[in-house]
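First up is the structure itself, then whatever we jot down about it.
Please treat every number below as a calculation from the coordinates, not as lab data. Keep in mind that what you see is a predicted model, and the values were worked out from it rather than measured. Don't worry about glycine lacking a Cβ; one is built from the backbone with ideal geometry, like all the others, and counts go over all protein chains shown.
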Amino acid sequence: MSVALIFVKIYQHNQIVKLNYEKQRLSQKKHSLMKDRDELFSKLCLLKDYSRVESVACNKLKMQQLQFSSVITLTTNVQTGFFRKKS
């Protein structure tokens with residue numbers, strides 16, 4: 001009977017060791033993922049920065065500031081349903 005009890009204790013010990021290694025591995029993976037998340041969030045903040053977006057739009061994409069004189073307002077004619085240019 002005592003031999004079986006010894007094998008049960010050895011098995012329990014091996015399971016505890018195995019679970020501790022798994023816990024350590026998962027903890028390291030969690031740390032790595034949190035570091036990646038922080039780096040990605042930092043990059044996102046830089047990419048969403050208004051001055052950077054404006055710079056890329058003007059310099060790289062050759063966009064220009066909107067001029068109010070370029071805006072055309074359209075209204076609908078209730079009777080005909082056609083659009084007409086607002087004077």
Inset, instruction - Find, among the chymotrypsin sites (Phe, Trp or Tyr not before Pro) in the range 1-59, those assigned to loop by DSSP (not H, G, I, E, B) with at most 11 other beta-carbon atoms within 10 angstrom. - result: none
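Scan the range 5-78 for GluC sites (Glu not before Pro) in coil per DSSP, keeping those whose Cβ has at most 15 other Cβ atoms within 10 Å, and list them by number. Write out the running numbers ahead of the final one.
On the way: sites: Glu22, Glu39, Glu54; in loops: none.
Sparse-neighbourhood loop GluC sites (Glu not before Pro): none present.
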Legend entry - (i) 33.2, 102; (ii) 13.0, 45; (iii) 20.0, 75, with the label sought being that of the calculated Rg and Dmax of the Cα atoms in Å: (i)
Legend entry - For the range 2-85, with +1 on Lys and Arg beta carbons and -1 on Asp and Glu, the positive-most of Ser69, Gln28, Cys45 along the dipole: Gln28
Inset, instruction - Enter the angle in degrees (range 0 to 90, nearest 10) between the Cα long axis of helix 2-48 and the first principal axis of the Cα atoms of the chain, meaning the one along which they spread out most. - result: 20 degrees
Legend entry - Selection from Ala4, Ser55, Asn14, by position along the positive dipole direction of the chain (Cβ): Ser55
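Given +1 on the Cβ of Lys and Arg, -1 on the Cβ of Asp and Glu, and no further charges, what dipole in debye does the chain carry about its Cα centre, rounded to the nearest 20? Display every interim value, and only then the final one.
Numbers: 16 positive and 6 negative charges, 31 e Å.
Dipole about the Cα centre, nearest 20: 140 debye.
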